[in-house]
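Please read the structure below before turning to the comments.
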Amino acid sequence: MKVKKAVIPAAGLGTRMLPATKSIPKEMLPLVDTPVLQYLVEEAVASGIEDILIITNRSKYAIDDYFDYNPDLEARLRETGKTKELGIVRHPAEMANIFYVRQKETKGLGHAIGKARQFVGNEPFAVMLGDDIMMSEKPVLKQLIDAAEKYNASAIGTQIVSDNVISKYSSLKVSPLEDRIMKVSDMNEKPKLDEKFSNYAILGRYVLTPAVFDLIDKTEPGYGGEIQLTDALRELCKMEDMVAVDFDGKRYDTGNIKGYLEATIDFALKHEEAGQWLREFIKEKAKTL
């Protein structure tokens, strides 16, 4: 199993981040000076991905523009000798082969992934949720790909979450295989506390086989009246081997204001120009609170 393709669903309406997302795709909101979506593409490329499909909707043309060249801006930067800035603005267009397809109706994550069938063909592929940013030494997606290739199986990114929030995620039924890797035998979407299989939640990264597409086609609307990817994966783990990877890294949900602000601060603290200034600013600010 070699994973060279990734799918990034980015068709959501961003209602948790209004009013900014009324006109700006939530995936294009900046973490310091870089859009959220660029971090996902960079993680994919660092994990060995060559082709990336971004699933958008009719209002997200800004994503297409961002991962393209901008001749007018680039010409101006050349004229003024700003070679560093020129490299920065050209970089997104040169990272990978990026393709697009629109999800014409908002029918859930499973429905969105189903739009990738033609792009994927008969190959295993990665899925990276557009809200979920990871900070890790080894790319989280690479951790999943390594496990998927070792076990010749689909792989799901997971970490333990508290009882207070498990109902916001998909809960996994797992049994240990080796350190940080478990066999998946069942799962459910946004369970009530007495319905959870465990506190291992699915968190934004997947490596899947193309068999999932036929299962998505057969999946009826579930939680929230949408076609849930979890419902298709529940059937997939009964047909084929599937592992869960308790990945090493920190995950941020940038689709809500608290997660977005936490990610912004943490990434800013690591920023070459802003990091030290921000540390001092926070220290001084804390004295006044």
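The table below gives the values:
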{"quantity": "DSSP bridge orientation in the range 5-287 - percent antiparallel, rounded to nearest 5", "calculated": "60 percent"}
{"quantity": "Length gained when the stretch residue 283-residue 257 is fully extended (0.36 nm per residue, less Cα-Cα span)", "calculated": "7.1 nm"}
{"quantity": "Contour minus Cα-Cα distance for residue 46 and residue 69 (0.36 nm per residue)", "calculated": "6.1 nm"}
{"quantity": "Top of 85, 27, 105 by mean-square fluctuation, Gaussian network on the chain, Cα under 10 Å", "calculated": "85"}
{"quantity": "Helix-only [θ]222 nm of the chain, DSSP H runs n ≥ 4, -39500 (n - 2.57) each, per residue, nearest 500", "calculated": "-10500 deg cm²/dmol"}
{"quantity": "Shape call, the range 5-287: gyration tensor on alpha carbons, a/c limit 1.5", "calculated": "prolate"}
{"quantity": "C-alpha long axis of helix 229-239 to longest principal axis of the chain, angle in °", "calculated": "50 degrees"}
{"quantity": "FRET E, pair residue 163, residue 2, Förster distance 41 Å, beta-carbon r, rounded to 0.05", "calculated": "0.60"}
{"quantity": "Summed residue charge, Cβ within 12 Å of residue 50's Cβ, Lys/Arg positive, Asp/Glu negative", "calculated": "+1"}
{"quantity": "Too-long pairs where the Cα-Cα distance tops 19 Å, listed order kept, from 22/60; 2/150; 22/190", "calculated": "22/190"}
{"quantity": "Packing-based order for 280-286, 161-167, using average beta carbon neighbours within 10 Å, highest first", "calculated": "161-167, 280-286"}
{"quantity": "21, 56 arranged by Cβ crowding within 10 Å, fewest neighbours leading", "calculated": "21, 56"}
{"quantity": "Cα long-axis angle, helix 257-269 against the chain (0 to 90 degrees, to the nearest 10)", "calculated": "60 degrees"}
{"quantity": "Net charge over other residues, Cβ less than 14 angstrom from the Cβ of residue 68 (K, R count +1; D, E count -1)", "calculated": "-3"}
{"quantity": "Rounded to 10°, Cα long-axis angle of helix 36-46 versus longest principal axis of the chain", "calculated": "70 degrees"}
{"quantity": "Global geometry of the range 97-182, whether rounded, prolate or oblate, following the gyration tensor of its Cα atoms and the 1.5 cut on a/c", "calculated": "oblate"}
{"quantity": "Within the range 211-227: backbone nitrogen closer than 12 Å to the residue 195 label point (7 Å, Cα to C-beta)", "calculated": "222-225"}
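Throughout, read-outs are computed from the coordinates displayed, never taken from laboratory work. Just so you know, these numbers come straight off a predicted model, no measurement behind them. Neighbour counts run over all protein chains shown; Cβ positions are idealised from the backbone, glycine included.
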